[in-house]
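> The following block contains the structure, expressed as structure tokens.
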Amino acid sequence: MMKIRSILYHDVVEQSFDESGFPGLAAARYKLWRAEFDAHLDAIASRGLAAPVALHALPQPAQNGATPLLFTVDDGGVSALHIAGRLASRGWRGVFFITTDHIGEPTFVSRADIVRLHADGHTIGSHTCSHPFRMSELPPARIHAEWAQSIAKLQDILGERVDSASVPAGFYAPPVAEAAGKTGIRWLFTSEPTSATHEHGGCVILGRYSVYRGMSPRYAADLASGRALAIAGQTALWKSKKAAKTFAGPVWDQARRRIFNLK
Ligand SMILES: [Zn+2]
């Protein structure tokens, strides 16, 4: 399978962390200030990489030997519009994953926003309906419903097929892809820091490199350009998080529930 390098951003805020996306401190960790975000884009642009494109514009495998770059944005916070504008001003396009239960809430995109992002050439995909915790451990019917209903809602808004999705909080497991494939999803993004892709359940599974607030622009550009040291750092972080998720499940859950204001 071809290599595709995807980076993962969340919200980009101007005055307070809670102005876009999910509220709370843990979500805030992934929210960048506007100036910080612009510095990241400058640093990435300075590497002379292929411009990030919409999913449908991905080059055919091995077309020129370079690893394509995808700029993905999770959650569907209202700052997606700002992010999309900053990308488009460089001729770049993003892939925006929307949590469909929150469409139209004050800190999330509206139906009209989604239509606009799509019309501007960005890809719209699902980030599930409810942003469930530990999605991989839900009953199969629930996993299927999270994909099927969110895809149906986005297709209703856009009037065309939606075939990409990202898994909340990195809780990927093969059954999550199998359910996704049954609902027509062909591109499924995880949070595993890798540019290697593989197929499962009818989906291409793609990893992503996560960016958080305080990460230096240079480090973000290192991730986007595949510099070994930055990649190794993310791999180490991923392995420790994975261990935490496996061995400290209840604690992790409690923390995340607090963070996202769930009951
Ligand atoms: Zn998310």
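> What order do you get for 193-201, 74-82, 107-115 when each peptide is scored by the mean count of other beta carbon atoms within 10 Å, highest first?
My ranking of the peptides, most packed first, is 74-82, 107-115, 193-201.
> Return the percentage of antiparallel bridges among DSSP beta bridges fully within the chain, rounded to the nearest 5 %.
20 percent
> Continuing with the same structure: Hey, can you list the DSSP H helices of the chain whose Cα span along the axis is 24 Å or longer and whose average Kyte-Doolittle score is at least -1.0? Write out the running numbers ahead of the final one.
On the way: long enough: 140-158 (27 Å, -0.03); 228-247 (28 Å, 0.15).
Answer set is 140-158, 228-247.
> Enumerate the aspartates and glutamates that residue 241 could reach by cross-link, defined here as Cα to Cα under 17 Å, with residues fewer than 8 away along the same chain left out.
137, 192, 253
> Among 67, 128, 100, which one shows the highest mean-square fluctuation when the chain is modelled as a Gaussian network with alpha-carbon springs under 10 Å?
67
> To continue, here is another question. Count the DSSP beta bridges whose two residues both fall in the range 1-149, then state the antiparallel fraction as a percent rounded to the nearest 5.
Details: 1 of 15 bridges.
So the antiparallel bridges amount to about 5 percent of the total.
> Quick check: net charge around residue 109, other residues with Cβ under 10 Å of its Cβ, Lys/Arg +1 and Asp/Glu -1? Write down the numbers at each step before the final one.
Details: positive: 111, 116; negative: 75, 105, 113.
Residues close to residue 109 contribute a combined charge of -1.
> Once you've got the GNM for the chain with C-alpha springs shorter than 10 Å, pick whichever of 59, 68, 168 has the biggest mean-square fluctuation.
For the chain, modelled as a Gaussian network with Cα springs under 10 Å, the answer is 59.
> Sum -39500 (n - 2.57) across every DSSP H segment of at least 4 residues in the chain, then divide by the residue count to get the 222 nm mean residue ellipticity, nearest 500.
Theoretical 222 nm ellipticity from helices: -12000 deg cm²/dmol.
> Could you tell me the distance between the Cα centroids of the range 158-198 and the range 1-75, to the nearest Å?
A separation of 17 Å, based on Cα centres.
> Run the quick spin-label model on residue 16 and residue 51: label points 7 Å from Cα toward the beta carbon, then report their separation in nm to one decimal.
It works out to 3.7 nm between the two label points.
> If only Cα atoms are counted, what is the Rg of the chain, and what is its Dmax, in Å?
Rg and Dmax of the chain, Cα atoms, are 16.9, 50 Å.
> For residue 33 and residue 116 in the same chain, what is the full-extension length gain: residue separation times 0.36 nm, less their Cα-Cα distance, in nm?
Values: separation 83, 0.36 × 83 = 29.88 nm, distance 2.31 nm.
Working it through step by step, the gained length comes to 27.6 nm.
> Report the label-to-label distance for residue 42 and residue 199 in nanometres (one decimal), using points 7 Å from each Cα along the Cα→Cβ vector.
Going by the 7 Å Cα→Cβ label model, 4.4 nm.
> Additional query: Using the per-residue mean of other Cβ atoms lying within 10 Å as a proxy for protection, in what order, highest first, do the peptides 129-142, 205-218, 229-242 fall?
205-218, 129-142, 229-242
> For the range 71-163, give me the percentage of DSSP beta bridges that are antiparallel, rounded to the nearest 5 percent.
Of all bridge pairs located within the range 71-163, approximately 10 percent are antiparallel.
> Another one. Please give me the summed charge of the neighbours of residue 56: other residues whose Cβ is under 14 Å from its Cβ, Lys and Arg +1, Asp and Glu -1.
Once all neighbours under 14 Å are counted, the net charge is 0.
> Which distance in nm do the two modelled labels at residue 89 and residue 227 give, with both placed 7 Å along the Cα-to-Cβ direction?
2.5 nm
> Let me ask another. What does the charge count near residue 181 come to, summing +1 for each Lys or Arg and -1 for each Asp or Glu among other residues with Cβ under 15 Å from its Cβ?
-1
Each reported figure results from applying straightforward, stated rules to the coordinates on display, with no laboratory input. No experiment lies behind these values; they were computed from the predicted model shown. When we count neighbours, we look across all protein chains shown, and the Cβ atoms used for this are built from the backbone with ideal geometry, even at glycine.
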